[in-house]
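The values are calculated or read from the model by the stated rules, or taken from the named source; none is laboratory data. Everything numeric in this text was worked out from a predicted model, so none of it was measured. Neighbour counts run over all protein chains shown; Cβ positions are idealised from the backbone, glycine included. Remember, those area values only see protein heavy atoms, side chains included, never the ligands or the DNA or RNA. Shrake-Rupley method; radii C 1.70, N 1.55, O 1.52, S 1.80 Å.
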Amino acid sequence: EQSHMDFMATLWIILAGVLAASACALLGSFLVLKRMSLLGDAISHAVLPGIALAFLLTSSRNMVPMLAGATAFGLLTVVLSETLHQKWRVQEDAAIGIIYTALFSLGVLLVTLYAGQIDLDQDCVLYGEIAYTPLDILIVHGHNLGPRPVWLLGLVFLFDLVFVLLFYKELKITAFDAGLAASLGFNVSLIRYSLMGVVAFTTVAAFESVGAILVVAMLIVPAAAAYLWTDRLAHMLTLSVLLGAASSVLGYGLAATLDGSIAGAMAVAGGAIFLF
């Protein structure tokens, strides 16, 4: 009985890692091509004030308002960074750095100012632990449906996959030549904001379950590795998902062997695959 429970716990953790890696890798490919790789890191920190405000307004740790608050500030990060870059000609990486540090600092300030009312810790909020996946059970009408993070990450992956398939042509042309896309009549700004919005939602949904470090690693490393192996976008997308999934499986094995951090080991495995 105990061995079966341990096996199922291992399976759920690996599945959560694979789904998170796959969802992040799909979008990360476009971020790597557009030289916006660190946007995921920016979003994962800039959402802290959204989470704090959601808790202040609802006095509850309910996931729905927290996810809504975090996603809103993730989108705000994207909009403000784009505005700085487009309107005031601030370099894109500098714009992202300015906005996310300002919003993250605001979140830290809110948590410390209202420490008595906000039963939150910024480290806890930002660095979720994938090892707790089997303990967060989704129960509907008395039925145990398995870990909630797996359901959430599965839905996020499906959403991202449908988004990429539906808008593949638009995403491809704007990633490689925004000027050509505009001349052909594509709404470059709408496509760009749509992609950034999906990145923001994916980042928020994933880091709550598996942790910010793993999300940032999976957004960048599998896509960067796939980029070295092929010069075709379709192949890059497929390879990045496969390499992300492989990082999760190998990383869990490494963590079990060393008795160390699972998320950290998965990120290290991704780095090893990139080096190879």
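Points to keep in mind about this one:
- Condition broken by Ala212, with the remaining ones in (1) open to solvent by 20 Å² or more (accessible area, probe 1.4 Å); (2) modelled with pLDDT under 95; (3) among the aliphatic types (A, V, I, L, M); (4) over 16 Å from Ala272 (Cβ atoms) satisfied: (1)
- Thr71 vs. criteria of a type in the set (Val, Ile, Thr) and at pLDDT 90 or above: no
- Boolean, Gly264 is more than 15 Å from the chain's Cα centre (by Cα) and surrounded by 24 or more Cβ atoms within 10 Å (Cβ to Cβ): no
- Meets criteria (polar (S, T, N, Q), open to solvent by 10 Å² or more (accessible area, probe 1.4 Å) and modelled with pLDDT of 90 or more) for Ser183: yes
- Within the range 133-156, the residues that satisfy the criterion of being open to solvent by less than 20 Å² (accessible area, probe 1.4 Å) and assigned to a strand (DSSP E or B) are Gly146, Pro147.
- Listed by position, the helices (runs of 4 or more DSSP H) contained in the range 24-120 that have at least 2 residues being among the aromatic types (Phe, Trp, Tyr) are 92-113.
- Positions within the range 33-84 being farther than 29 Å from Phe176 by Cα, touching an Asp or Glu at 6+ places or on another chain (Cβ under 9 Å) and surrounded by fewer than 16 Cβ atoms within 10 Å (Cβ to Cβ), in sequence order: Arg61, Met63
- Scanning the range 166-178 for residues that are open to solvent by 50 Å² or more (accessible area, probe 1.4 Å) and not hydroxyl-bearing (Ser, Thr, Tyr) gives Leu166, Phe167, Lys169, Lys172, Phe176, Asp177.
- Tabulated pairs, the range 205-230, first over 18 Å from Ala46 (Cβ atoms) and basic (Lys, Arg), second surrounded by fewer than 24 Cβ atoms within 10 Å (Cβ to Cβ) and modelled with pLDDT under 80, C-beta under 8 angstrom, 6+ apart or interchain: none
- Tyr252 being open to solvent by 30 Å² or more (accessible area, probe 1.4 Å), in contact (Cβ under 8 Å) with a residue 12 or more places away in the chain and under 13 Å from Phe30 (Cα atoms): no
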